[in-house]
Amino acid sequence: EPEVTQTPSHQVTQMGQEVILRCVPISNHLYFYWYRQILGQKVEFLVSFYNNEISEKSEIFDDQFSVERPDGSNFTLKIRSTKLEDSAMYFCASFQGAYYGYTFGSGTRLTVV
Amino acid sequence: ELKVEQNPLFLSMQEGKNYTIYCNYSTTSDRLYWYRQDPGKSLESLFVLLSNGAVKQEGRLMASLDTKARLSTLHITAAVHDLSATYFCAVSPRRDMRFGAGTRLTVKP
């Protein structure tokens, strides 16, 4: 069964550093997403991406965040200057159509120290 | 702003018992999803509900959708320990999803 692949599985970074989280969505999917989950809390929408541009973003997704699909396969989330409160699990998802729903990657646990 | 409310947030039940988790949402949507999450793991798709009156069953779990009432239910029949996990509903009025807070289910022997 096709999978969404995320790397790294765990990243530890110093506050103020830039991080890039990587995702390889399912190849024939057209919509891509980033969600985050602070430990023990709800899953929060960050951004959706379609046709090489952001289609929607939440208020969490401020100027410190950016996404891109640099090479037609990878889908990245960049946090420019990490804060302690950015520590969370970040999930990438891709969407094929309503009938199939959304497929989530295994997540990247980001720890900001 | 779309609100998705689940209740209960915590549920402890005995093996063999039945229970229902409720998911209410605040805007029109005919697409609703249920996910399971084990601790430290990703989100596993359980059910995709795409129309009013949709009912789906998988093993001891059954999900339904009432779009007029903006309500979905996840019914657990004869719970077993393996069902212990957090269950999320998510609503998709457009092409993104917004999640409820999750129901942490613990099934005790």
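The values are calculated or read from the model by the stated rules, or taken from the named source; none is laboratory data. Since this is a predicted model, take the numbers as computed values, not measurements. Counting neighbours? That spans all protein chains shown, and the Cβs are built from the backbone with ideal geometry, glycine included. Please note that ligands, DNA and RNA were not included when accessible areas were found on the heavy atoms of the full protein model with its side chains. Shrake-Rupley method; radii C 1.70, N 1.55, O 1.52, S 1.80 Å.
Structural remarks
- For the protein assembly as shown, accessible area per residue (1.4 Å probe, heavy atoms of protein chains only), Å²: 51
- In this structure residue B:56 has an accessible area near 80 Å², from a 1.4 Å probe over the protein heavy atoms.
- For the range A:48-59, 3J(HN,Hα) per residue [Karplus equation, 6.51 cos²θ - 1.76 cosθ + 1.60, θ = phi - 60°, Hz, x = Gly/Pro]: 10, 9, 8, 6, 6, 8, 5, 9, 7, 9, 8, 6
- Reachable lysines from residue B:3, criterion Cα separation under 25 angstrom, eight or more residues apart if same chain: A:42, A:57, B:41, B:56, B:68
- Per-residue SASA remark: residue B:20, around 30 Å² accessible (1.4 Å probe; ligands, DNA and RNA not included).
- Cβ-defined net charge surrounding residue B:50, 9 Å radius [Lys, Arg +1; Asp, Glu -1]: 0
- Electrostatic tally near residue B:93: other residues with Cβ closer than 13 Å to its Cβ, Lys and Arg +1, Asp and Glu -1, net +2.
- Area hidden from solvent between B and A (accessible, protein heavy atoms only, 1.4 Å, total, Å²): 1700
- Residue A:86 contributes an accessible area of around 10 Å² to the protein surface, as traced by a 1.4 Å probe with all chains present.
- Theoretical gain in end-to-end length, residue A:41 to residue A:15 [0.36 nm per residue, Cα-Cα removed]: 7.2 nm
- Computed label-point distance, nm, for sites residue B:68 and residue B:106 using a 7 Å Cα→Cβ extension: 4.0
- Sorted largest first by accessible area at a 1.4 angstrom probe radius, with every protein chain in place, the residues B:95, B:60 fall in the order B:95, B:60.
- FRET efficiency, 1/(1 + (r/R0)^6) with R0 41 Å, evaluated for residue B:9 and residue A:80 via beta carbons: 0.75
- Relative contact order for chain A, counting Cα pairs under 8 Å that sit 6 or more residues apart, in percent: 38
- Around residue B:84: net Lys/Arg minus Asp/Glu count, Cβ-Cβ under 15 Å: +2
- The HN-Hα couplings worked out from phi for the range B:38-48 by the Karplus form 6.51 cos²θ - 1.76 cosθ + 1.60 (θ = phi - 60°) are 8, x, x, 10, 7, 9, 9, 5, 9, 9, 10 Hz, whole numbers, x standing for Gly and Pro.
- Percent accessible area from carbon and sulfur atoms, the range A:1-60, protein chains only, probe 1.4 Å: 45
- At most 16 other Cβ within 10 Å, DSSP loop - GluC sites (Glu not before Pro), the range B:1-68: B:1, B:15
- Burial here means at least 30 square angstrom less accessible surface with every protein chain in place than with the chain by itself, probed at 1.4 Å; in the range A:35-50 the buried residues are A:35, A:37, A:42, A:43, A:45.
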